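Trainee: Handing you this structure, nothing more for now.
The values are calculated or read from the model by the stated rules, or taken from the named source; none is laboratory data. All values reported here derive from a predicted model rather than from experimental measurement. Reconstructed Cβ throughout: ideal geometry from the backbone, glycine too, with neighbour counts over all protein chains shown.
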Amino acid sequence: MPARIVYTDLDGTMVGPRGSFWHRADRALTATPATALLELHRAGVPLVLVSGRTPDQLLEAQRIFAADGAIAELGSVVSWDGGRRSHLLPGDLPAEYAGRTPMSVMAELGVVEQLIAAHPGRLEWHAPWHATHAADALLRGRVDPAAVDGWLAERGWAWLTINDNGAVPATSRMTLAPEALPPHVYHLMPRGISKGAAIRWDLARRGLTAADAVAVGDSVSDLDMAPAVGRLWITANGAAVDGMAARLSAVPNVVVTEAPMGEGWAEAVLASL
């Protein structure tokens, strides 16, 4: 069945190197993603951006790509109506903190500072993009997420988890040790928050079901979208990451594109119309 809505990750999926919609993974110019986007809009299929970026950071992208809404901070915030309306999904934030943002609670408890101190040279704030996050702490480096989750549980913070949102290029602004390179981006956030949970909430708001939706992504965190949609596409660059093949084998409704990044995204979109 043709999709009635498309949910898509942005960085490394819809857009390629340095966030460009016009460059392939090898940095050659391409109009293929733009052509696919035009066909999507001509078909009247809504596009929803799903990203680790904040709602404000996604607002301009929504305008540029004519998106119908956005899911920000890795599933923490759903927004629509041009960003004028939004809903915060707090996940498993303890009831004693109800009404507060997860980030304000983590700041009060000193969670991030202690986590960074416990992993010297291997973890730091993903500056400057971390500053405006309300629901998650945006970090970068190289750590074992399972080990970090164990560390959190030992300190009474089992309601928190760290999610790997994929690799990013190393830059001069980073102060990480060599063994933490190339770095990954991590989201420290309450359990129960995920891109999939946010998609389910948004589909219910729209009166749609999982069978109506497809999703496109490139990272481990994007696999959370699979149970919420009829089909999940993973771009070739994401499928090539170490350890991803084993994870993909456990997802029954996933399809890997032939091309990476934007051209793979276009392949997924056109196949879904």
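Trainee: Are any residues in the range 162-187 in contact with a Leu (Cβ under 7 Å, 6 or more places away or on another chain) and farther than 18 Å from GLY19 by Cβ, and if so, which ones?
Mentor: Listed by number, the residues that qualify are ILE162, ASN163, TYR186, HIS187.
Trainee: What helices (runs of 4 or more DSSP H) lie completely within the range 226-273 and have 1 or more residues being of a type outside the set (Phe, Trp, Tyr) and closer than 15 Å to LEU37 by Cβ?
Mentor: Those helices (runs of 4 or more DSSP H) span 261-272.
Trainee: To continue, here is another question. So the check is Cβ under 6 Å with 6+ separation or different chains; which pairs have a first residue in the range 250-272 that's touching a residue at least 60 places away in the same chain (Cβ under 8 Å) and of a type in the set (A, V, I, L, M, F, W, C) and a second one that's assigned to a strand (DSSP E or B) and surrounded by 18 or more Cβ atoms within 10 Å (Cβ to Cβ)?
Mentor: Every condition considered, the pairs that remain are TRP265/VAL216.
Trainee: Could you tell me which numbered condition ARG63 fails, if it satisfies all but one of (1) among the basic types (Lys, Arg); (2) in contact with a Gly (Cβ under 9 Å, 6 or more places away or on another chain); (3) in contact (Cβ under 8 Å) with a residue 40 or more places away in the chain?
Mentor: All conditions pass for ARG63, except number (3).
Every residue, every condition in (1) touching a residue at least 60 places away in the same chain (Cβ under 8 Å); (2) surrounded by 20 or more Cβ atoms within 10 Å (Cβ to Cβ); (3) over 19 Å from LEU40 (Cβ atoms), yes or no:
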residue	(1), (2), (3)
THR161	no, yes, yes
ALA170	no, no, yes
PRO178	no, no, yes
SER194	yes, yes, yes
ARG205	yes, no, yes
LEU223	no, yes, yes
GLY230	yes, no, no
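Trainee: Which ones in the range 123-136 are touching a residue at least 24 places away in the same chain (Cβ under 8 Å) and surrounded by fewer than 17 Cβ atoms within 10 Å (Cβ to Cβ)?
Mentor: ALA127, TRP129, THR132, ALA134
Trainee: Okay, moving on. Among the candidates GLU124, GLU179, which residue alone is over 22 Å from ASP9 (Cβ atoms) and modelled with pLDDT under 95?
Mentor: GLU179
Trainee: Just need a number here: residues in the range 1-44 that are of a type in the set (A, V, I, L, M, F, W, C) and within 22 Å of VAL256 (Cβ to Cβ).
Mentor: The number of residues fulfilling the criteria is 13.
Trainee: Here is a follow-up. Could you tell me how many of the residues in the range 206-225 are of a type in the set (S, T, N, Q), touching a strand residue (DSSP E or B) at 6+ places or on another chain (Cβ under 7 Å) and not in a helix (DSSP H, G or I)?
Mentor: Qualifying residue count, the range 206-225: 1.
Trainee: When residues of the range 128-157 are filtered for being at pLDDT 95 or above, touching an Asp or Glu at 6+ places or on another chain (Cβ under 8 Å) and outside any strand (DSSP E or B), how many remain?
Mentor: 2
Trainee: Here are some residues: ALA226, ALA259. Which one is within 14 Å of ALA271 (Cβ to Cβ) and modelled with pLDDT of 95 or more?
Mentor: Checking each option against the conditions leaves just ALA259.
Trainee: While we're on this one: Looking at (1) in a helix (DSSP H, G or I); (2) touching a Lys or Arg at 6+ places or on another chain (Cβ under 8 Å); (3) under 19 Å from ALA266 (Cα atoms), which is the only condition PRO33 fails?
Mentor: (2)
Trainee: Within the range 94-107, is there a residue that is buried (at least 19 other Cβ atoms within 10 Å of the Cβ), within 22 Å of ALA271 (Cα to Cα) and either of a type in the set (Gly, Ala, Ser) or touching a residue at least 24 places away in the same chain (Cβ under 8 Å) (or both)?
Mentor: no
Trainee: Any idea which residue in the range 137-151 is surrounded by the most Cβ atoms within 10 Å (Cβ to Cβ), counting only those that are without any contact (Cβ under 8 Å) to a residue 40 or more places away in the chain and either under 16 Å from GLY91 (Cβ atoms) or among the small types (Gly, Ala, Ser) (or both)?
Mentor: ASP149
Trainee: In addition: Of the residues LEU74, LEU59, only one is outside any loop (DSSP other than H, G, I, E, B), within 20 Å of the chain's Cα centre (by Cα) and more than 21 Å from ILE162 (Cα to Cα); which?
Mentor: Sole residue among the options that is outside any loop (DSSP other than H, G, I, E, B), within 20 Å of the chain's Cα centre (by Cα) and more than 21 Å from ILE162 (Cα to Cα): LEU59.
Trainee: Right, something else. Restricting attention to the range 206-225, does a residue exist that is over 23 Å from ASP68 (Cβ atoms) and not assigned by TED's automatic domain parsing to the domain that holds LEU138?
Mentor: Yes, the range 206-225 contains a residue that is over 23 Å from ASP68 (Cβ atoms) and not assigned by TED's automatic domain parsing to the domain that holds LEU138.
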